[in-house]
1. With a 10 Å cut-off between alpha carbons and a GNM built on the chain, which of Gly173, Gly64, Gly110 moves the most?
2. With a cut-off of 8 Å between alpha carbons and a minimum separation of six or more residues, what is the relative contact order of the chain in percent?
3. Taking the chain as a Gaussian network, where each spring joins two C-alpha atoms under 10 Å apart, which residue of Met165, Met394, Met214 fluctuates the most?
4. Helix-only estimate, please: 222 nm mean residue ellipticity of the chain, summing -39500 (n - 2.57) across DSSP H runs of length 4 or more and dividing by its residues, to the nearest 500.
5. What order do you get for Cys47, Cys102, Cys393, Cys349 when you list them from fewest to most C-beta neighbours inside 10 Å?
6. Which order do Arg396, Arg81 fall in if you start with the one that has the fewest other Cβ atoms within 10 Å?
7. In the Gaussian network model of the chain, springs joining C-alpha atoms below 10 Å, which of Arg339, Arg193, Arg389 carries the largest mean-square fluctuation?
8. Ordered by residue, what ³J(HN,Hα) values in Hz, to whole numbers, does region 230-239 give under the Karplus form 6.51 cos²θ - 1.76 cosθ + 1.60, where θ = phi - 60° and Gly and Pro are x?
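What follows draws every value from the coordinates through simple rules; no lab data is involved. This is a predicted model, so every value here is computed, not measured. We place every Cβ from the backbone using ideal geometry, glycine too, and count neighbours over all the protein chains shown.
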Amino acid sequence: MGVPNSGIWSSSELYKNSVLQLEEAAHVMKLDPNISERLKKPKRALCVSVPIRLDDGAIAVFEGFRVQHNMTLGPGKGGVRYHQDVTLSEVAGLAMLMTFKCSLVGLPLGGAKGGIAVDPNLLSRQEKQALTRRYTSEINMIIGPDKDIPAPDVGTDGQTMAWMMDTYSQEKGYAIPGVVTGKPVEIGGSLGRAESTGRGVVYTIVQAAQRLNMRLDNSISVSVHGFGKVGAIAAEEMALLGCKVVAVSDVSGGIYNKNGLDIGAVNEYFAKNRTLKGFQNSDAITNDELLALKVDILIPAAIDGVIHHKNVSQVNAKMIAEGANGPITAEAHKILVERGVFIIPDVLCNAGGVIVSYFEWVQGLQNFFWSEREVNEKLKDTMVNAFQRVSACMDRYKTRDMKTAALITGVDRLNRAMLLRGLFP
Ligand code: GLU
């Protein structure tokens, strides 16, 4: 038992942290060790080389991965990440989190993840297209609408999914929109998918505030780390609730105004300038300074591991909503929980994305598309229901933190399904 220190899966912090969280939940719920041992390792992984011709004529070869962690409940589901730090181990850890996330929110889907070790900002549009098409072609034997369904993640978006869908469909000879989710609406995407993760984050914050008797009004300050697909929407929705969003940031740094930023104007400025730098009526701050701000609610919505043992003592928020996957390391999480910080765990907090991915998949299979209002209502119902189940689990097992309760809730459903299906052969 314990976190394996050797072996192909375990080199990344994210994977080790995910196993530690699973072990904690398994211990509290007294999970059958035969099940927890199986859940510590992914079912299968495919490692591929992705060669592309660069604009200057040279050929570059990138490392790509697709990991399927568990497919007991249905096809694998999870994003594809383009980031320079992607490794097989990190993708395996993220696939594990997808398994728990899908199970927790009640989807008939398993957990998977993909990625390419590349900084997409250094590629032209044509190079990104070539990379995406070749990667899709290399993994096409393990993906498909009934097998494993990729979606956007860090560094990828609707356009990436459109190229993946087209490549897969070209190879089969007819349009197969169900192979990916997070597609543009024009080719079978769902209304509300692009905003779903950020919206879901805020639905869980509203629930957490109710649990803590916190009133979400103008006296509540919010900071958002990562002004991207998740953070920008979460900031906007928090401002709509009447809260004061005092700081937001992206990779190059952030902006701060103690009286609250005009998020609509920040969005316009960011869309025009592709940077937050120079936004009027604000002071420039670094990402480290943003994470250390004294605020009521901090939303880390960029990438994993940003709150760790070195900077955790400076974190000064009452509530943290994990918009990203694994933004707090296991060690830092423990320290924050001891300090009484209320943390909404990633597998619950950012589940809105995969929930609307599921809606997109269902709409596509039926060829019957819903209005955005319908999508949002169903998203809200699913998130509120999941939050309440996790909240009840917290009280039942008297866990001090919500992460353990979220994992117990996810693992419990999976455990029953795995026992029913049994072990092959
Ligand atoms: N990449 C997102 C996540 O980590 C969405 C995955 C999906 O929609 O399949 O949850």
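1. With Cα springs under 10 Å in the chain, the top fluctuation among Gly173, Gly64, Gly110 is at Gly173.
2. Details: 890 pairs, mean separation 67.5, N = 425.
So the answer I get is 16 percent.
3. Between Met165, Met394, Met214, it is Met214 that shows the largest mean-square fluctuation.
4. On the way: 14 runs with 190 residues, N = 425.
The helix contribution divided over the chain gives -14500 deg cm²/dmol.
5. Details: Cys47 14, Cys102 31, Cys393 23, Cys349 34.
Ranked by crowding around the Cβ, least crowded first: Cys47, Cys393, Cys102, Cys349.
6. Working: Arg396 11, Arg81 25.
Least crowded to most crowded, the residues run Arg396, Arg81.
7. Result: Arg339 has the largest fluctuation of those listed.
8. With the stated coefficients, region 230-239 comes to 8, x, 5, 5, 4, 4, 4, 5, 5, 5 Hz.
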